[in-house]
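Written below as structure tokens is the structure these notes are about.
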Amino acid sequence: MPSSKPLMTASSGPIPDSVESALRTLETESGGINALAAALRGPLGATFAKAVDLIRNAKGRVIVTGLGKSGHMGRKIAATLASTGTPAFFVHAAEAGHGDLGMITTDDVIMALSWSGEQPEMKNLVNYSARFAIPMIAVTSNAASSLGQAADIVIELPKAREACPHNLAPTTSTLMQAAIGDAIAIALLEGRGFTALEFAHFHPGGKLGAMLKFVRDYMRTGAEIPVKPEGTKMSEAVVEMSAKGLGCVCIVNAAGEAVGIITDGDLRRHMRPDLLTVTVDEIMTKQPKSVPPSMLATEMIEVLNTRKITTLLVTEAGKVVGIVHLHDLLRAGVA
């Protein structure tokens, strides 16, 4: 029940009613997640492990099914499974009896979501599962329900109050369904050693796709690299920095190996009357940080953030083959 005493913010007085409502919703839903975690530490843990093993050892796919809000959660779970290396798709329970049962093979595993476990529309799919010995995992709050009794494995979610003040609108329950789906997907991912490179195969688009590309996909190469040899006068190095517009110049030895870098910051730190007449060797930062072209973009961003720099040299066998600037990553939607 709502508290009669209004909550207070740290500095601006009473919290608006809408925010109080939001906080109650989050507290109620977090209670459901906590109850689910407690159940997994208990008897539900062994059942969960059996379900994960069943899916891992299946020759076919995971067929996720459900109705209403459970159906919406089912679509999400199927998408998460598929994107993390477990072939899966969603079949609407009501459509199953109108031809969609043909999508399901005897090599598959069915994961059926129903909070009550008593939806009549699930009957055709349950019968099909039994007729062709297709294993079924029920995700429900009632193991004694028709669905629970028909399933090979029952992941019984703990009963928890909905965030709706009338305890009617599916809120906490759907969050728990989504959470158990995520838990299954990640357990399978970790169990098979699913890597970031494999993840990239399923996410070529959007920001995820951009982050799962490689340094070589974003680096500037050839004449775009600001570079000067050891012994160069600073006047020439500054011209190179200005011409390439990256705020730095790479210094290489006779073998083309990076021995130093000069940035805008180095110019400010060494500002003096004879700056342009000395050689780059006196000004450069030695042993500059570099990355290989085969590094993932996500790892490259971590290097940039950790070292608080905006440019990275790209080297292969010690030789400079490219340079990456933070602005290029921003334009590509990576950073």
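Assorted remarks:
- In the set (1) open to solvent by 10 Å² or more (accessible area, probe 1.4 Å); (2) within 38 Å of the chain's Cα centre (by Cα); (3) among the β-branched types (Val, Ile, Thr), the condition left unmet by Val314 is number (1).
- Helices (runs of 4 or more DSSP H) fully within region 74-157 that include at least 2 residues being farther than 21 Å from Ala49 by Cβ and touching an Asp or Glu at 6+ places or on another chain (Cβ under 6 Å): 93-96.
- Whichever residue in region 85-103 is in contact (Cβ under 8 Å) with a residue 40 or more places away in the chain and surrounded by 15 or more Cβ atoms within 10 Å (Cβ to Cβ) and, among such residues, is nearest to the chain's Cα centre (by Cα): Gly85
- The single condition among (1) over 15 Å from Ile180 (Cβ atoms); (2) hydroxyl-bearing (Ser, Thr, Tyr); (3) under 23 Å from the mean Cα position of the chain (by Cα) that Thr106 does not satisfy is (3).
- Scanning region 61-84 for residues that are of a type in the set (Ser, Thr, Tyr), open to solvent by less than 20 Å² (accessible area, probe 1.4 Å) and under 22 Å from the mean Cα position of the chain (by Cα) turns up just one, Thr84.
- Within region 1-30, residues that are closer than 13 Å to Pro165 by Cβ and at pLDDT 85 or above sit with their Cβ atoms under 6 Å from residues that are among the small types (Gly, Ala, Ser) and open to solvent by less than 100 Å² (accessible area, probe 1.4 Å), at 6+ positions apart or across chains, in these pairs: Thr25/Ala163; Thr28/Ala163.
- Applying the set (1) in contact with a Leu (Cβ under 9 Å, 6 or more places away or on another chain); (2) touching a residue at least 40 places away in the same chain (Cβ under 8 Å); (3) under 18 Å from Lys286 (Cα atoms) to Thr232 leaves exactly one unmet item: (1).
- Residue tally, condition open to solvent by 40 Å² or more (accessible area, probe 1.4 Å) and either more than 24 Å from Ala79 (Cβ to Cβ) or of a type outside the set (A, V, I, L, M) (or both), over region 165-187: 6
- Test: residue in region 143-164 that is closer than 30 Å to Glu299 by Cβ, modelled with pLDDT of 95 or more and either in contact with a helix residue (DSSP H, G or I) (Cβ under 7 Å, 6 or more places away or on another chain) or buried (at least 23 other Cβ atoms within 10 Å of the Cβ) (or both): no
- The residue that is modelled with the highest pLDDT, counting only those in region 190-213 that are buried (at least 19 other Cβ atoms within 10 Å of the Cβ) and under 12 Å from the mean Cα position of the chain (by Cα), is Leu212.
The values are calculated or read from the model by the stated rules, or taken from the named source; none is laboratory data. Given the structure is predicted, the values throughout are model-derived calculations rather than measurements. With ideal geometry, Cβ positions are generated from the backbone for all residues, glycine too; neighbour counts draw on all protein chains shown. The protein model used for the area step is the full one, side chains on, heavy atoms only, and it has no ligands, DNA or RNA in it. Shrake-Rupley method; radii C 1.70, N 1.55, O 1.52, S 1.80 Å.
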